[in-house]
Ligand code: PEP
């Protein structure tokens with residue numbers, strides 16, 4: 001019922017020409033895949049050229065961030081209209097690196113989520129606990145607050161279209177993956193909270209897992225009933241490994 005989504009987050013990696021060359025390779029290796037939605041989120045500078053390269057293919061384009069204001073004196077920021085114009089249909093919101101290094105809060109995540117939805121761009125809203133929070137047994141309360149505050153006040157229709165990514169901070173870029181059971185436990189909890197907030201939309205919302213997903217662990221993660229795809233950093237940086245993730249089954 002929920003189409004799996006495999007999303008590559010390239011973070012602050014790759015020049016324009018490097019981005020285009022990986023997309024050229026990827027287009028060939030994922031050609032014909034229709035049972036998994038494929039998404040690449042390059043750096044802002046590469047969006048336009050990558051969009052030209054993916055035309056007519058099954059690869060979708062996303063940005064890694066946005067600002068909620070429409071335009072004006074906000075040096076260094078980028079609006080929904082700008083990322084749409086560059087070809088994006090998705091945007092990552094509230095990645096833990098943005099929360100950690102750039103002061104994002106549930107409040108700003110909520111403003112960005114609403115701005116994306118208002119512009120018909122699908123937000124991928126990231127939530128996740130730190131290692132300290134997991135060790136202090138507050139994982140569920142942390143996740144509940146991030147989901148309730150970050151995704152507050154959207155319409156039921158928008159709630160079904162939104163994507164959530166559960167990314168335990170201790171698993172991002174560390175090589176430590178949550179076990180499929182650990183991830184499933186949090187994913188089903190997120191769906192339960194979402195059902196309290198947005199009723200039947202909870203069955204439609206896709207919840208991705210992120211945190212050191214690789215070709216060796218993807219299929220076991222994807223067997224879990226509430227895991228609807230992956231948000232992938234390191235293993236999305238090469239066409240060969242990302243293709244293995246897209247073709248996980
Ligand atoms: C990410 O970028 O969101 C991520 C999960 O990174 P990695 O796959 O490298 O852990």
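Tabulated data for the structure shown
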read-out	value
Only listed residue being in contact (Cβ under 8 Å) with a residue 24 or more places away in the chain and assigned to a helix (DSSP H, G or I), chosen from 221, 208	221
Residue that is surrounded by the fewest Cβ atoms within 10 Å (Cβ to Cβ) [pool: residues in the range 161-181 that are part of a helix (DSSP H, G or I) and away from the ligand (no atom under 15 Å from the Cβ)]	181
Single unsatisfied condition, residue 184 versus (1) in a helix (DSSP H, G or I); (2) within 16 Å of the ligand (Cβ to nearest atom)	(2)
Among residues of the range 211-227, those that are under 23 Å from residue 27 (Cα atoms) and touching a helix residue (DSSP H, G or I) at 6+ places or on another chain (Cβ under 8 Å), counted	4
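Conditions (1) more than 13 Å from the ligand (Cβ to nearest atom); (2) touching a residue at least 60 places away in the same chain (Cβ under 8 Å); (3) more than 23 Å from residue 37 (Cα to Cα); (4) touching a helix residue (DSSP H, G or I) at 6+ places or on another chain (Cβ under 6 Å), marked per residue:
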| position | (1), (2), (3), (4) |
| --- | --- |
| 89 | yes, no, no, no |
| 113 | yes, no, no, no |
| 120 | yes, no, no, no |
| 127 | no, yes, no, yes |
| 135 | yes, no, yes, no |
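Just so you know, all these numbers are worked out from the coordinates, no wet-lab data involved. Predicted, not measured: the structure shown is a model, and the values here were computed from it. Glycine also receives a Cβ, built like all others from the backbone with ideal geometry; neighbour counts cover every protein chain displayed.
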